[in-house]
Amino acid sequence: MGLTKKTSISFKVKPGWVSFILLALGSLIIVMPLLWMLSTSLKSMTGVYKFPPGLIPRPIMWQNYIDAWNSANFPRYFLNSTIVAVVVTLGELTTSSLAAFAFARMKFRGSNLLFLMVLGTLMIPKEILLIPNYVILKQLDWLNSYLALTVPFMAGAFGIFILRQHFLTIHQDLEDAAIMDGCSRLRFLLSIVIPNSKPALAAVAVFSFITNWNSYIWPLIVTRDDSLRTIQVGLSAFKDAETSGANTNWALLMAASVTTLVPVIIIYAFAQEWFTEGYITSGIRG
Amino acid sequence: MTEAMIKTPDRLPVVVKGILRRVKELFQILEPYLYLAPAFIIFTVFVFAPLIFSIYLSFTNWDLISKGADFIWFKNYLRLAHNKNFWGAVENTIYFTIGIVPAQIVLALISALLLNTKVKFKSLFRSIYFLPVIVPITVTAIVWLFIFSPSYGILNYLIGLVGLPQPSWLYDPVWALPALMVLAVWTNFGYFTVIFLAGLQSIPGELIEAAEIDGANKWQSFWKITFPLLSPTTFLVLIMSIIGGFQIYQTVVLTTEGGPAGATNVIVYELYRTAFEYFDMGYASAMATLLFFLLFSFTLIQFKVVGSRVHYG
């Protein structure tokens, strides 16, 4: 009964403006480090160390980006990250779709327990798993290979949850009709359910891609060859190589950083909702 | 009988048909598990088994290189009890957590309250506040390394303008951890903003309106109505923030490597270093096991508060 709109302070125009200004200020403070990164990336060496430092670089050194790209094996690092992210995303989409389908549309013994186990994977801190997984991979002789970078991540709770929620919304009549037409469960999944779940699949794909793109410690410890480095590992190695007190080429480092960040920003710009939901469900923080 | 078997399947002996039917029934029963298998094989091999394995390892003295290892019972834990570095790391971690938790909660709550009003560009703001969460950790580290640079960083420049002393930040044992706190709060408070926002939006608008009609001002309606109703969310944010504080280490790997003089050595960093620089796997596993039980207890509390079904469907 009565008004059911959500909480919002909406009486006068004034409060809206105060909120806006405060939020804008906050946004500026948050974005400032990234803006500073962008600004520095376009400065010349003297511009970086200029006193007082300015926000707008004069001259604008687009060359920095080319130099950064050529300073280390970045093309290879980018390729590796892309391969890993794509492979893991495809793998996760597959395992999650199958598992979600079972949870959503099949009745079987132990389904609650198994679902809790999926939830359990979110409750185990990843740091704890670094050592044993490293050891397991060593025994499998998978260290220093693409297998080590991809296989452990080909299943994830977020995908299963989201796809299950979505699969639950598919009308039972649709499934009954399909079965009456002689369609097997699997064909039902592949030919009907999946094509009708594009947004949910996209959400999982986006989330999986970016979390794998951003992954740092795991690729760091399981790879040794430079040719296997992912972009994050490559960037941190570049940072180590470039940092030398007064001679640090910050502009170059910033250019490399911006390049690493751009794919994430682009995908984020198009798919924030899915991002946010994925990060919050999985409890992943920066 | 031979003749019948060569003819069409309809003529198959009853026995074979019966077996086929049983197989089909078996398949029907197994079918869900087959669908679950791929995901669960990955989970078992790379999540559940490693967990058990880690606990087992903590009772051995394996160093990755030796052929075998001895079962040394609780020796690792005893050794850990006397490890000054480790307890220093515990102290740093607690200090760090105490530093970031109030800041994250307050900033996130204020931002969420502001975002929960009728303000233009709300979703743009929300995206900006969440942005640092998705920035790769390496990029964050490099950006802040530059900002905190004692001689060339913008922060010290600004501080110098005001005439205050300029610390060496990440190179100063006193200021290194606070610098990392700033980094952590910048990165993560947007995450908690979104959580608070969800909590705020579940508070029925009528309550606030009714209060305002009764003459309550903004301050009163916040403290008497909003805040109490928000307490489960606040508690959730508190727990998650604490857990996050204890998990920090990647920024340490990327910036200070535990220094200067152990000032930024945190629990997980000590674990990481013991395992992947000294390869003392058994010992590191003891640290991991302790950390697991600590964090898992917190996580259990967290999940109890959320009510797992609400969030995860």
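The values are calculated or read from the model by the stated rules, or taken from the named source; none is laboratory data. Keep in mind the model is a prediction, meaning the values are calculated, not measured. Heads up, the Cβs are rebuilt from the backbone with ideal geometry, glycines too, and the neighbour counts pull from every protein chain shown.
Some points to look at:
- Failed item in (1) at pLDDT below 95; (2) more than 8 Å from chain A (Cβ to nearest Cβ); (3) over 19 Å from residue A:98 (Cα atoms), with residue B:57 passing the rest: (2)
- Among the helices (runs of 4 or more DSSP H) confined to the range B:114-164, the ones with at least 1 residues that are facing chain A (nearest Cβ under 7 Å), under 21 Å from the mean Cα position of the chain (by Cα) and not polar (S, T, N, Q) are located at B:122-134, B:137-147.
- Per-region count, the range B:198-208, residues within 7 Å of another protein chain (Cβ to nearest Cβ) and in contact with a helix residue (DSSP H, G or I) (Cβ under 9 Å, 6 or more places away or on another chain): 3
- The range B:204-231 residues that are in the same structural domain as residue B:109 (by TED's automatic domain parsing), paired with ones that are part of a helix (DSSP H, G or I) and surrounded by fewer than 17 Cβ atoms within 10 Å (Cβ to Cβ) (beta carbon under 7 Å, 6 or more apart): B:221/B:212; B:225/B:207
- If the condition is being under 13 Å from residue A:250 (Cβ atoms) and either in contact (Cβ under 8 Å) with a residue 40 or more places away in the chain or crowded, with 18+ Cβ neighbours inside 10 Å (or both), then the range A:34-50 contributes A:36, A:37, A:38, A:39, A:40, A:41, A:42, A:43, A:44, A:45, A:47, A:48.
- Per the listing A:83, A:162, the residue uniquely in contact (Cβ under 8 Å) with a residue 60 or more places away in the chain, more than 30 Å from residue B:293 (Cα to Cα) and assigned to a helix (DSSP H, G or I) is A:83.
- Residue in the range B:256-267 that is nearest to residue B:87 (Cα to Cα), counting only those that are of a type in the set (Val, Ile, Thr) and assigned to a loop (DSSP other than H, G, I, E, B): B:266
- Residue in the range B:40-85 that is surrounded by the most Cβ atoms within 10 Å (Cβ to Cβ), counting only those that are in a loop (DSSP other than H, G, I, E, B) and either of a type in the set (A, V, I, L, M) or within 24 Å of the chain's Cα centre (by Cα) (or both): B:58
- Failed item, numbered, when residue B:88 is tested on (1) more than 8 Å from every other protein chain (Cβ to nearest Cβ); (2) part of a loop (DSSP other than H, G, I, E, B): (2)
- Qualifying residue in the range A:198-221 (condition: farther than 30 Å from residue A:138 by Cβ, over 16 Å from the mean Cα position of the chain (by Cα) and not basic (Lys, Arg)): yes
- Scanning the range A:155-194 for residues that are at the interface with chain B (Cβ under 9 Å from one of its Cβ atoms) and of a type in the set (A, V, I, L, M) gives A:155, A:157, A:160, A:162, A:168, A:186, A:189.
- Residue within the range B:209-227 that is among the small types (Gly, Ala, Ser) and under 26 Å from the mean Cα position of the chain (by Cα) present: no
- Of B:253, B:237, B:194, B:182, all but one fail to be under 19 Å from residue A:216 (Cβ atoms) and either modelled with pLDDT under 90 or under 23 Å from the mean Cα position of the chain (by Cα) (or both); the exception is B:253.
- Scanning the range A:193-211 turns up no residue that is buried (at least 22 other Cβ atoms within 10 Å of the Cβ) and part of a loop (DSSP other than H, G, I, E, B).
- Test: residue in the range B:306-313 that is facing chain A (nearest Cβ under 9 Å), over 19 Å from the mean Cα position of the chain (by Cα), in a loop (DSSP other than H, G, I, E, B) and surrounded by fewer than 24 Cβ atoms within 10 Å (Cβ to Cβ): yes
- Only one of B:195, B:154 that is in contact (Cβ under 8 Å) with a residue 24 or more places away in the chain, surrounded by fewer than 24 Cβ atoms within 10 Å (Cβ to Cβ) and touching a helix residue (DSSP H, G or I) at 6+ places or on another chain (Cβ under 8 Å): B:195
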